[in-house]
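A short worksheet on the structure shown next.
The values are calculated or read from the model by the stated rules, or taken from the named source; none is laboratory data. Small disclaimer: the values here were computed from a predicted structure and weren't measured. Using ideal geometry, Cβ is built from the backbone for each residue, glycine included, and neighbour counts are taken over all protein chains shown. For accessibility, only protein heavy atoms count, side chains too; no ligands or nucleic acids. Shrake-Rupley method; radii C 1.70, N 1.55, O 1.52, S 1.80 Å.
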Amino acid sequence: RGMSAAATRVLGASAARAPARLRARTSRGSSAVSRASAAPSSDMMRAGDAALLPPAIAAPHHPTYSIAEAIRAALEEDIADVGDISCLSTIPLETESTATLLAKADGVLAGQAIANQILAAVDPDVTVAWTKKDGDSVKYGDVFCEMRGKAHSILRAERVLLNFMQRMSGIATLTRKMADAAAPATMLETRKTVPGLRLPDKWAVLVGGGKNHRMGLFDMIMIKDNHIAASGSIEAAVRNAHAYLQANAMDDVKIEVETRTMDEVAVVIALLDDEAVDTSAVSRVMLDNMSLEDMAEAVRMFGGRVETEASGNVTLETVHPIGQTGVTFISSGALTHSVTALDISLNVETR
């Protein structure tokens, strides 16, 4: 029911929607592709060892978040205090199986490192081989992973593994499309992530070629419209923020100020020009829901003194012209809050 001591050690050291179908590899449409593309046996590695390898693209830093704990919670919610009664009732415990992961859509692979950790948490003796890594493109019909081990172990890991990989790959796929279209601007996500999945969601953005915005409320001051309203003015909010940073010796923390109109842009520029106002930590200005013309003019007015970030109404159709206004960054909540999972299936055959 629970995880082995070895699996727990692996987790401690490691610091979706499209439905999966379990079927034999002789099932219609998958057999030829699976057998032709499966990873060679010589590449097989124990999941317990694979989970300790450095990922192809490093995860972003969070001071308290634990991938291991997220995996543990996902596995435990799937079996409660009972176990996998489908496997327990139908498959002999000693049954050995081979399974493959099949891409059923084109996209960008993400979640390989987490998949290794999930397998290791369930059964570190399952062996695994990958022909693709995080950040690689996959095409419909690609078989990019092979697993061997106890059927119970593979099926115990199946849904949790797919939930992480399908969501992360969906985020990475959309990020790749937006990042390519946004150039020379850089794509960012927002804090509009699934509760409990902040780090995997933001990790997938990195895999897709974007960059991370602030991780949370703790690592950057973002003075938005509500902060300005509660403070009384942009100037009051900026003064208060600098006083807080100085009082708490937070010299490395930066400030971003949101603007929604050209009048507010002018206010920020006046503050930057005012030697009596400390704006040393103001590193970025958000241009929220502005026209392309206003964004380009704002970029010209700031003259490179601060970074600029376009936000609002960012879609695959609008991101390219926004990127041509000269803004440094483009942020889009859609990268994580409206993601379409990449269709991936796990297919099993019994030896």
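In the set (1) part of a helix (DSSP H, G or I); (2) open to solvent by 10 Å² or more (accessible area, probe 1.4 Å), Ser283 fails one condition alone, (1). Restricting attention to the stretch 232-268, the residues that are more than 34 Å from the chain's Cα centre (by Cα) and open to solvent by less than 40 Å² (accessible area, probe 1.4 Å) add up to 1.
Taking the criterion of being outside any helix (DSSP H, G or I), among the aliphatic types (A, V, I, L, M) and open to solvent by less than 10 Å² (accessible area, probe 1.4 Å), the only residue of the stretch 328-341 that qualifies is Ile330.
Exactly one residue out of Glu309, Glu349, Glu317 is surrounded by fewer than 19 Cβ atoms within 10 Å (Cβ to Cβ), farther than 30 Å from Thr98 by Cα and of a type in the set (D, E, K, R): that is Glu317. Only residues that are open to solvent by 30 Å² or more (accessible area, probe 1.4 Å) and in a helix (DSSP H, G or I) were counted across the stretch 82-111, and they come to 5. Output the number of the condition that Ala281 fails; it satisfies all remaining conditions of (1) in contact with a Lys or Arg (Cβ under 7 Å, 6 or more places away or on another chain); (2) under 20 Å from Met178 (Cβ atoms). Going through (1) in contact with a Lys or Arg (Cβ under 7 Å, 6 or more places away or on another chain); (2) under 20 Å from Met178 (Cβ atoms) one by one, Ala281 breaks only (2).
Table: residues versus (1) among the acidic types (Asp, Glu); (2) in contact with a Phe, Trp or Tyr (Cβ under 6 Å, 6 or more places away or on another chain); (3) within 20 Å of Gln112 (Cβ to Cβ).
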{"site": "Met187", "(1), (2), (3)": "no, no, no"}
{"site": "Lys202", "(1), (2), (3)": "no, no, yes"}
{"site": "Leu206", "(1), (2), (3)": "no, no, yes"}
{"site": "Gly210", "(1), (2), (3)": "no, no, yes"}
{"site": "Lys224", "(1), (2), (3)": "no, no, no"}
{"site": "His227", "(1), (2), (3)": "no, no, no"}
{"site": "Ala230", "(1), (2), (3)": "no, no, no"}
{"site": "Glu235", "(1), (2), (3)": "yes, no, no"}
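When the stretch 232-270 is filtered for residues that are of a type in the set (Asp, Glu) and within 20 Å of Gly312 (Cα to Cα), the ones remaining, listed by number, are Glu256, Glu258, Asp263, Glu264.
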